[in-house]
Amino acid sequence: MILTINCGSSSLKYRLFSEDLAAVIASGLIARIGEAGAYCEHKAQGRQAEIHQPIPDQDAAFDIMADNLMHSEFAVIGDPSEITAIGHRAVHGGDVFVASTLVSDEVMAQLRSCIRFAPLHNPANIAGIEECQKKFPGIPNVVVFDTAFHQTMPPEAHVYALPYELYEKHGVRRYGFHGTSCRYVAQAAADMLSRPIEDLSMVVCHLGNGVTIDAVKGGRSVDTSLGFGTFCGVPMGTRAGEFDPAIIFHLVKEMGMTIEEVEAICYKKSGLLGVSGVSNDMREVEKRAAEGDTRCALALEIFVYHIRKTIGAYAAAMNGLDALVFTAGIGENCATVRSKVCAGLGVLGVQIDEGINGMVRDGHPNISSAEARVATLVVPTDEERMIAIDTVDLLH
Ligand code: AMP
């Protein structure tokens, strides 16, 4: 069996796959670790259990996971040795990690050297690996990076026009995120089209609470909308997306804000929430916009405008576009956003069938109209499966 782990600062997601990855044997989410209201949802054998109890730290969370998998009434593992390997999500691999890798002492040291790029996320990812080494000794661990897929970006896409020493000596560059999702979705889209990924220029729109627009040419990421950090590019739930950095100097020097206050604005108070003043949740923003709330309508228009503009830019960067792919919470579920994004892209050959666009939930992933020159697809993302695939590949 293959176990996947996605360990955040206050959450732990796990999924247990059969050896051939054909079946999901168990899965769980442990949330609010170290906070009030901690809970665990565990699914196995067609049943679901919910546990509410104090979960003080990651160590306690891993104990609960191990107990759920091995000792509870839902136990699916008789002995830890039935787990062949464990795949871990890591947010930031810097420019050290260009692909998924088997964990060794050296890899752990390199992973620690990347903490400076993702101080909120990487420590939790590292803690997850250490917990597994402790609780499942002798079982190989594999680490899969959100940034690795984007390491193929050419220099003109990943080097900022800042003093070159910042890039060369300090690693200040575009890294990109959501790479595991984009890689999975790009391959799945090529499979759906029955075309080799090597022949395709695609734009993948990962539209969730975080947003990545990714240019994928020949199966390789050649440009991506997130950068050194995770608030540039397209506006997100609470993150600003692209804006003039001169505003930061203005907020600090003229308005007397601290850098922490500005950081909170950029990451937590902007995007759909900042413009609408109501919510970071697209469902709420869409509903209120339809009811006539002008700020919600504007938040929605800004969101789709930036996506459309980025798709146009990436079609130019790739000198063509064969497929446009929507994924993640908004991309998979929000027909309004897909429709509004595509409405301005006729010039590129994108044309969707509005009837089919409304039927995606009924299993109609190809929403292109018959006349379209570009295939527009809706592909559910599955980062856990991608992690499991890489884990199996590395074992063999
Ligand atoms: P994710 O980060 O991929 O879980 O996506 C979260 C985002 O997906 C939130 O903004 C949700 O509002 C949005 N979302 C989920 N379901 C829907 C839906 N049916 N319609 C519109 N947005 C949705």
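The values are calculated or read from the model by the stated rules, or taken from the named source; none is laboratory data. The structure presented is a predicted model; accordingly, all values stated were derived computationally and were not measured. Please note: Cβ atoms are built from the backbone with ideal geometry, for glycine as well, and neighbour counts cover all protein chains shown. Areas reflect the complete protein model, heavy atoms only, side chains present, ligands, DNA and RNA absent. Shrake-Rupley method; radii C 1.70, N 1.55, O 1.52, S 1.80 Å.
Somewhere in the range 222-231, is a residue within 14 Å of the ligand (Cβ to nearest atom) and either under 17 Å from the mean Cα position of the chain (by Cα) or at pLDDT below 95 (or both)? Checked the range 222-231: at least one residue is within 14 Å of the ligand (Cβ to nearest atom) and either under 17 Å from the mean Cα position of the chain (by Cα) or at pLDDT below 95 (or both).
Look at the range 317-338: where a residue is more than 22 Å from residue 355 (Cα to Cα) and of a type in the set (A, V, I, L, M) and a partner is more than 10 Å from the ligand (Cβ to nearest atom) and open to solvent by 20 Å² or more (accessible area, probe 1.4 Å), sitting 6+ places away or on another chain with Cβ atoms under 6 Å, you get 317/223; 318/217; 321/348.
Cβ-Cβ contacts under 7 Å between residues 6 or more apart (or on different chains), taken from a first residue in the range 365-377 that is closer than 17 Å to residue 335 by Cβ to a second residue that is surrounded by fewer than 23 Cβ atoms within 10 Å (Cβ to Cβ) and small (Gly, Ala, Ser), are listed as 366/375; 368/375; 372/349; 376/368. Applying the criterion of at least 1 residues that are more than 16 Å from the ligand (Cβ to nearest atom) and under 30 Å from residue 129 (Cα atoms) to the helices (runs of 4 or more DSSP H) found wholly in the range 316-396 leaves 383-395. Scan the range 233-266 for residues that are in contact with a Leu (Cβ under 8 Å, 6 or more places away or on another chain) and either open to solvent by 70 Å² or more (accessible area, probe 1.4 Å) or hydroxyl-bearing (Ser, Thr, Tyr) (or both) and the total you get is 2.
Report, by residue number, each residue of the range 171-193 that is of a type outside the set (A, V, I, L, M, F, W, C), out of contact with any His (no Cβ under 7 Å at 6 or more places or on another chain) and part of a helix (DSSP H, G or I).
180, 183, 184, 187, 191
Which of the residues belonging to the range 369-386 are over 25 Å from the mean Cα position of the chain (by Cα) and open to solvent by less than 50 Å² (accessible area, probe 1.4 Å)? Correct list: 369, 372.
Scanning the range 26-38 for residues that are open to solvent by 20 Å² or more (accessible area, probe 1.4 Å) and within 23 Å of the chain's Cα centre (by Cα) yields 27, 29, 32. Among the criteria (1) open to solvent by less than 30 Å² (accessible area, probe 1.4 Å); (2) within 15 Å of the ligand (Cβ to nearest atom), the one residue 203 does not fulfil is (2). It is to be established whether one or more residues within the range 162-176 are in contact (Cβ under 8 Å) with a residue 40 or more places away in the chain, crowded, with 21+ Cβ neighbours inside 10 Å and not charged (D, E, K, R). The answer is yes; a qualifying residue exists.
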